[in-house]
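Visitor: The following block contains the structure, expressed as structure tokens.
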Amino acid sequence: MVNTHDAFMNVRPMPLQPRTAKDPAARPVPASPAASAQAGNVVEIEDVCIDYSVGPGRRQKIRAVENVSISVRRGEKLVILGPSGCGKSTLLMALGGFLPISSGSIKVNGASVSKPSMERIMVFQDFQQLLPWFSVLENVKWGVRKRWPKLDPQEADRIARRQVELVGLSRQADQYPNTLSGGQKQRCAIARSFAAAPEILLMDEPFGALDAINRERMQQELNNIWSQQEVPTTIAFVTHDVNEAVFLGHRVMVMTSGPGRVRAVVDNPAVDRSSEDPDAANLAMHLRELLKEEA
Amino acid sequence: MRQSTMPALPADSWQGAYAFLRRFQKLFVICAIFLIWELVVRYGKVNPMLFPAFSDVVASLLHGLGIGGKPELWQYMWETLSVILQSFALSVVLAVILTSLALASSLAKDFLSVITGMFQPLPSIALLPMAILWFGFSRESLVFVVVMSMVWPIASALTVGFATISPTLVRLGRNYELNAIGTLTQIMLPAALPMLIAGLRVGWGFGWRTVVAAELVFGATGSSGGIGWYINNSRLFMNVADGFAGILLVIIIGLIMESIFLFIQQRTTYRWGTEAA
């Protein structure tokens, strides 16, 4: 594994500035990743290997992820970047507790991950992650009620409405998911996830099925929503898009394929900046080189 | 060329008339069938003792329902409906339990697959002689036979419904830490509702046919009989119009049930977009 913390010239933690904030004063300024890091790591992944059983009798093992070690800092957005089939989604599923690991350990706040939990909410790429029989608001409220079953219904409603408003779906609050566009569905899923205030949010290429314009808009909105949370949510975000990784991630973990290993972990000084920003462009070029070397 | 004196209707009026015709098309078809029936019996060489006119059948039906006669049909109707509603509820519960067990265990899945394959093609009325031996000439015999006709199509549809649920929704349930009952009630059943409704509709159809057929063969259960018994009695007393009235009642109840299923679909799966309207 190449650690490019020092190798990359422009590494420095940057305080986050919401780019499209209409009233920045009204929003709490989130802690910078560096400050968050002082609060400790939320996730510790050590020497993790993940095998899939395939073939007749499922006797044959295929290694999807090999010896991956990474820590996720509290309140940071870590992007896992790699080509298709490199095991990045597999790693995220294991972190979510949906897949068992073959060896190594995954710990969240010191406790081993053994099954899915509301402390690690996942946003899937699939548009069908919303409950079709609930409206937008009801979907978000469902998540809140699951998270805090004894919560006062009015408070649950308030939390759900705030998140729906943050993702810009107030006008669609009473619509059923089948009447929403792909982008709106993903916004609703993101609102539901943030509303449950998980310890870590796992996002598996949530914008992968969107068109380019909507994708950029959603990236922007994710940064805005993240920055407007009262307590910054830790996010692990999987993508194969270099620009998306640079725009979203405080750190970018580059993975190689066959089997998936960590190629490099890169600090990102250009998070939330346009791709034309020199730092962002430099980092994107650097990440592309890393991916090309792998290819 | 002779000019028409008829004022030309505006395009909107033609479209309105067409929309009106389209809307009531089914009603026109039904009226046409009844009209042909009436005319054939009235003006054709048909013996009304064997095939009564539609108007006579309607008159018998109205008399039976208490309009100008003794309201005896309500009692027969309730007997049949109470048997089928009881059987329907039992069948739904059984089907949900069986398919839920099949989700949890591969042994239960194989058991359900084999038993559905065995009993679904079997006309459950064939079990009536055995049911009489086991339960006697009782209501339980009828319920047993009707449940055996309903439960398999419902279970079969529900199995398909469960199998086609998006894995993402199931993962969502796991992510929000739902237990087995929570997953079943909050994710699986609502997600499988389109197939469940299809199964209920087919199950109801099978059950409705079976209960009427069983009553025809079986006669009265306990102190009174159902619509099938009423139809059979009309043959014995040569009141063919009453028999047709009973058949018409069977059809009307079938259509009402169909409307109820459609109403449920419009309020649920059509609205949610999980089923094409």
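Residues checked against (1) more than 26 Å from the chain's Cα centre (by Cα); (2) without any contact (Cβ under 8 Å) to a residue 12 or more places away in the chain; (3) within 14 Å of another protein chain (Cβ to nearest Cβ); (4) part of a helix (DSSP H, G or I):
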residue: B:K109; (1), (2), (3), (4): yes, yes, no, yes
residue: B:G117; (1), (2), (3), (4): no, yes, no, yes
residue: B:V143; (1), (2), (3), (4): no, no, no, yes
residue: B:M148; (1), (2), (3), (4): no, no, no, yes
residue: B:G161; (1), (2), (3), (4): no, no, yes, yes
residue: B:L172; (1), (2), (3), (4): yes, no, yes, yes
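Visitor: Being more than 14 Å from chain B (Cβ to nearest Cβ), out of contact with any helix residue (DSSP H, G or I) (no Cβ under 8 Å at 6 or more places or on another chain), touching a residue at least 24 places away in the same chain (Cβ under 8 Å) and surrounded by fewer than 17 Cβ atoms within 10 Å (Cβ to Cβ) narrows it down to one of A:G168, A:G104, A:G85, so name that one.
Guide: Selected residue: A:G85, the only one of A:G168, A:G104, A:G85 that is more than 14 Å from chain B (Cβ to nearest Cβ), out of contact with any helix residue (DSSP H, G or I) (no Cβ under 8 Å at 6 or more places or on another chain), touching a residue at least 24 places away in the same chain (Cβ under 8 Å) and surrounded by fewer than 17 Cβ atoms within 10 Å (Cβ to Cβ).
Visitor: Moving to a separate point now. Any residue that is touching a Pro at 6+ places or on another chain (Cβ under 8 Å), of a type outside the set (G, A, S), open to solvent by 20 Å² or more (accessible area, probe 1.4 Å) and assigned to a helix (DSSP H, G or I) - is there at least one of those in segment A:227-236?
Guide: Yes: segment A:227-236 contains one or more residues that are touching a Pro at 6+ places or on another chain (Cβ under 8 Å), of a type outside the set (G, A, S), open to solvent by 20 Å² or more (accessible area, probe 1.4 Å) and assigned to a helix (DSSP H, G or I).
Visitor: Scan segment A:227-248 and tell me whether some residue there is within 14 Å of another protein chain (Cβ to nearest Cβ) and at pLDDT below 95.
Guide: no
Visitor: Can you tell me which of A:A189, A:A209 is within 30 Å of B:T274 (Cβ to Cβ) and surrounded by fewer than 21 Cβ atoms within 10 Å (Cβ to Cβ)?
Guide: Checking each option against the conditions leaves just A:A209.
Visitor: Identify the residue in segment B:174-185 that is assigned to a helix (DSSP H, G or I) and at the interface with chain A (Cβ under 8 Å from one of its Cβ atoms) and, among all such residues, is farthest from B:A108 (Cα to Cα).
Guide: B:N175
Visitor: Now for a separate question. A:G143 is checked against (1) within 11 Å of chain B (Cβ to nearest Cβ); (2) part of a helix (DSSP H, G or I); (3) modelled with pLDDT under 95 and fails just one. What number does that condition carry?
Guide: (3)
Visitor: With the structure loaded, tell me whether A:I121 is part of a strand (DSSP E or B), surrounded by 22 or more Cβ atoms within 10 Å (Cβ to Cβ), more than 10 Å from every other protein chain (Cβ to nearest Cβ) and in contact (Cβ under 8 Å) with a residue 12 or more places away in the chain or whether it fails that test.
Guide: no
Visitor: Of all residues in segment B:29-55, how many are in a helix (DSSP H, G or I), out of contact with any Pro (no Cβ under 7 Å at 6 or more places or on another chain) and open to solvent by less than 90 Å² (accessible area, probe 1.4 Å)?
Guide: 11
Visitor: Suppose we filter segment A:88-101 for residues that are within 14 Å of chain B (Cβ to nearest Cβ) and either open to solvent by less than 10 Å² (accessible area, probe 1.4 Å) or among the small types (G, A, S) (or both); how many remain?
Guide: 6
Visitor: Right, another one. Which condition does A:Q128 not pass, out of (1) out of contact with any strand residue (DSSP E or B) (no Cβ under 7 Å at 6 or more places or on another chain); (2) modelled with pLDDT under 95; (3) open to solvent by less than 60 Å² (accessible area, probe 1.4 Å); (4) under 19 Å from B:P167 (Cβ atoms), if it passes all the others?
Guide: Checking A:Q128 against (1) out of contact with any strand residue (DSSP E or B) (no Cβ under 7 Å at 6 or more places or on another chain); (2) modelled with pLDDT under 95; (3) open to solvent by less than 60 Å² (accessible area, probe 1.4 Å); (4) under 19 Å from B:P167 (Cβ atoms), the one that fails is (3).
Visitor: Which of the residues that make up segment B:228-264 are open to solvent by less than 30 Å² (accessible area, probe 1.4 Å) and touching a strand residue (DSSP E or B) at 6+ places or on another chain (Cβ under 9 Å)?
Guide: none
Visitor: Would you point out the residue of segment B:248-277, among those that are away from chain A (no Cβ under 14 Å) and touching a Leu at 6+ places or on another chain (Cβ under 8 Å), that is farthest from B:S234 (Cα to Cα)?
Guide: My answer is B:F261.
Visitor: Hey, among the residues in segment B:175-222 that are among the β-branched types (V, I, T) and under 30 Å from A:S114 (Cα atoms), which one's most open to solvent (accessible area, probe 1.4 Å)?
Guide: The residue in question is B:I181.
The values are calculated or read from the model by the stated rules, or taken from the named source; none is laboratory data. All of these numbers come straight from a predicted model, not from anything done at the bench. Cβ sites come from the backbone with ideal geometry, for glycine too, and all protein chains shown count toward neighbours. The accessibility values were calculated without ligands, DNA or RNA, using every heavy atom of the protein model including side chains. Shrake-Rupley method; radii C 1.70, N 1.55, O 1.52, S 1.80 Å.
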